[in-house]
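Beneath this line is the structure, given in structure tokens, with notes to follow.
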Amino acid sequence: MVFHLGDYLYEYPVDSAGGARRYSDRKLPDVFNRETTTLADYRLRYALYKNDPDLRAAHARHPFLVTWDDHETENNYAGAFDENGTSPEQFLARRAAAYRAYWENQPLRAEQLPQGPDARLYRRLAWGSLVQFDLLDTRQYRTDQAYDDRPHAPGTESDDPARTLTGAAQERWLLDGWRDSGALWHVMPQQVCFSQRKFDVSGPARVSMDAWDGYRASRDRVTAGAKAAGIDNWMVLTGDVHVGYAFDIKDDFDDPQSRTLGTEFTCTSISSGGNGPEKPDNWDAYLRANPHMKYYDGRRGYVRVELGRANAQVDFRTVPSITQPGGAVSTTASFVTEVGSPGLKSA
């Protein structure tokens, strides 16, 4: 099965050449060349995306489990707040349109039908006694980003204990579900980087205010809940950043010798971002600043996870190019994490 972890589409205008597709044999009508804000706009955007034969083939071949991030509605929105300072009342009308179109075009159940601007998207699934999947929604219930959503060193504003990425109800649901679980593996598919990700090697290092780094009290409550529930085999799957990372989740991210609680894999993007470099410009700085980051790759692709009774194997599958047809998929890195022994080992 496929977990799609957000940004299934983008709300930005798509020009007559098809945006990044740069069609040579057709022109798109002007109706797509505007940002999506209404229900009609969002429905048309899904129709455009689902005209893609590769996307249709993927849906035909695999069951999809989906959750949204921001771009299905609007870039970096947080709860009832958009990035442009629109009134909450006006933005929630837009969010209602976006959520309705998402439900109409994705494999979701009847009980997930939005009620105006609200929809219960987070859900729990079991694969026998092998694994429990807790699929999160980190957009709909979050506190607005600190420091005007600019990269910033953690401070009193971002570290306010009242801040939340999941909302109180979803947080309780997650922690209660761990406490009551008898599964061997606990996999948490969600949207934004869970592990600490410093942008700077020295000084008060900046971090993303849109990721869990901007909500450290919320992250601390989740990690405390994992420890209290005795979750030994914990894996976080992440989208958002259009690159591949592999992290050890540490009890104290600033102490490389602290206990490893689990693993996190950011799963790059299938096409967004164009032809990514193997080593982005910040590759060396990120690996030096974050010793718990064991892998970083900027290419397009996906992550393949195989869960077993003894271990899990995770393969990063990438292509050299998305703008030229015929690029071969290859495994660029493989990791194993063993049952009862959290942490990444090269496979």
Subject >> Hey, Arg139 among the basic types (Lys, Arg), within 18 Å of the chain's Cα centre (by Cα), closer than 19 Å to Arg45 by Cβ and surrounded by 14 or more Cβ atoms within 10 Å (Cβ to Cβ) or not >> reply: yes
Original post:
So, in the stretch 292-347, of the ones that are farther than 23 Å from Trp127 by Cα and basic (Lys, Arg), which residue ends up surrounded by the fewest Cβ atoms within 10 Å (Cβ to Cβ)?
Top reply: Lys345
**OP:** Inspect the stretch 35-54 for any residue being surrounded by fewer than 17 Cβ atoms within 10 Å (Cβ to Cβ), in contact with a Leu (Cβ under 8 Å, 6 or more places away or on another chain) and without any contact (Cβ under 8 Å) to a residue 24 or more places away in the chain and give the result as yes or no.
**Re:** no
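Of all residues being part of a loop (DSSP other than H, G, I, E, B) and either of a type in the set (Phe, Trp, Tyr) or surrounded by 15 or more Cβ atoms within 10 Å (Cβ to Cβ) (or both) in the stretch 276-290, which is modelled with the lowest pLDDT? Just the residue, please. Quick ask: steps written out before the conclusion?
Quick first cut of the stretch 276-290, residues part of a loop (DSSP other than H, G, I, E, B) only: 276-282, 290.
Remaining after also requiring either of a type in the set (Phe, Trp, Tyr) or surrounded by 15 or more Cβ atoms within 10 Å (Cβ to Cβ) (or both): 276, 280, 290.
Details: Gly276: 91, Pro280: 96, Asn290: 98.
Among those residues, the one meeting the criterion is Gly276.
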Original post:
Of all residues in the stretch 30-58, which are closer than 22 Å to Thr323 by Cα and either in a loop (DSSP other than H, G, I, E, B) or touching a Pro at 6+ places or on another chain (Cβ under 8 Å) (or both)?
Top reply: Phe32, Asn33, Lys50, Asn51, Asp52
**OP:** Would you mind listing the strands (runs of 3 or more DSSP E) fully within the stretch 301-347 where at least 2 residues are closer than 21 Å to Asp248 by Cα and among the small types (Gly, Ala, Ser)?
**Re:** 330-338, 341-346
Subject >> Pick from the stretch 58-70, criterion more than 18 Å from Tyr141 (Cα to Cα) and within 16 Å of the chain's Cα centre (by Cα), ranking: surrounded by the fewest Cβ atoms within 10 Å (Cβ to Cβ) >> reply: Phe64
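Which residues, counting only those in the stretch 219-243, are in contact with a helix residue (DSSP H, G or I) (Cβ under 6 Å, 6 or more places away or on another chain) and under 23 Å from Asp70 (Cα atoms)? Explain how you work it out, then say what you get.
Step one: of the stretch 219-243, the residues in contact with a helix residue (DSSP H, G or I) (Cβ under 6 Å, 6 or more places away or on another chain) are 219, 225, 229, 231, 234.
Of everything in the stretch 219-243, just one residue is in contact with a helix residue (DSSP H, G or I) (Cβ under 6 Å, 6 or more places away or on another chain) and under 23 Å from Asp70 (Cα atoms), namely Arg219.
Every residue, every condition in (1) of a type in the set (Lys, Arg); (2) over 20 Å from Asp315 (Cα atoms); (3) at pLDDT below 95; (4) surrounded by 23 or more Cβ atoms within 10 Å (Cβ to Cβ), yes or no:
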position: Phe194; (1), (2), (3), (4): no, no, no, yes
position: Val201; (1), (2), (3), (4): no, yes, no, no
position: Met209; (1), (2), (3), (4): no, yes, no, no
position: Arg221; (1), (2), (3), (4): yes, yes, no, no
position: Val241; (1), (2), (3), (4): no, no, no, no
Original post:
Out of the stretch 1-33, which residues are surrounded by 13 or more Cβ atoms within 10 Å (Cβ to Cβ), farther than 24 Å from Thr238 by Cα and touching a helix residue (DSSP H, G or I) at 6+ places or on another chain (Cβ under 7 Å)?
Top reply: Val14, Phe32
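Residue-wise test of (1) under 16 Å from Arg219 (Cβ atoms); (2) at pLDDT 95 or above; (3) under 22 Å from the mean Cα position of the chain (by Cα).
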{"site": "Asp118", "(1), (2), (3)": "no, yes, yes"}
{"site": "Leu121", "(1), (2), (3)": "no, yes, yes"}
{"site": "Leu135", "(1), (2), (3)": "no, yes, yes"}
{"site": "Thr143", "(1), (2), (3)": "yes, yes, yes"}
{"site": "Pro154", "(1), (2), (3)": "yes, yes, yes"}
{"site": "Asp159", "(1), (2), (3)": "yes, yes, yes"}
{"site": "Arg179", "(1), (2), (3)": "no, yes, no"}
**OP:** Mind listing whichever residues of the stretch 228-270 are in a loop (DSSP other than H, G, I, E, B) and among the β-branched types (Val, Ile, Thr)?
**Re:** Ile231, Val241, Val243, Thr268, Ile270
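Here's the yes/no breakdown for (1) crowded, with 21+ Cβ neighbours inside 10 Å; (2) touching a residue at least 40 places away in the same chain (Cβ under 8 Å):
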site: Glu72; (1), (2): yes, yes
site: Asn75; (1), (2): no, yes
site: Ala78; (1), (2): yes, yes
site: Phe81; (1), (2): no, yes
site: Asn84; (1), (2): no, no
site: Tyr99; (1), (2): yes, no
site: Trp103; (1), (2): no, no
site: Arg109; (1), (2): no, no
**OP:** Can you work out which of the residues in the stretch 163-214 that are among the acidic types (Asp, Glu) and in a helix (DSSP H, G or I) is nearest to Tyr141 (Cα to Cα)?
**Re:** Glu171
Subject >> Checking Phe265 against (1) closer than 28 Å to Asp160 by Cβ; (2) crowded, with 19+ Cβ neighbours inside 10 Å, the condition it does not meet >> reply: (1)
**OP:** Just give me the residues in the stretch 109-137 being at negative phi, part of a loop (DSSP other than H, G, I, E, B) and out of contact with any helix residue (DSSP H, G or I) (no Cβ under 8 Å at 6 or more places or on another chain), in sequence order.
**Re:** Arg109, Ser129, Leu130
Original post:
What about Leu28, is it over 16 Å from Ile270 (Cα atoms), at pLDDT 95 or above and of a type outside the set (Ser, Thr, Tyr)?
Top reply: no
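The values are calculated or read from the model by the stated rules, or taken from the named source; none is laboratory data. From a predicted model like this one, the values you see are computed outputs, not experimental measurements. So basically every Cβ, Gly included, is an ideal-geometry build from the backbone, and we count neighbours across all protein chains shown.
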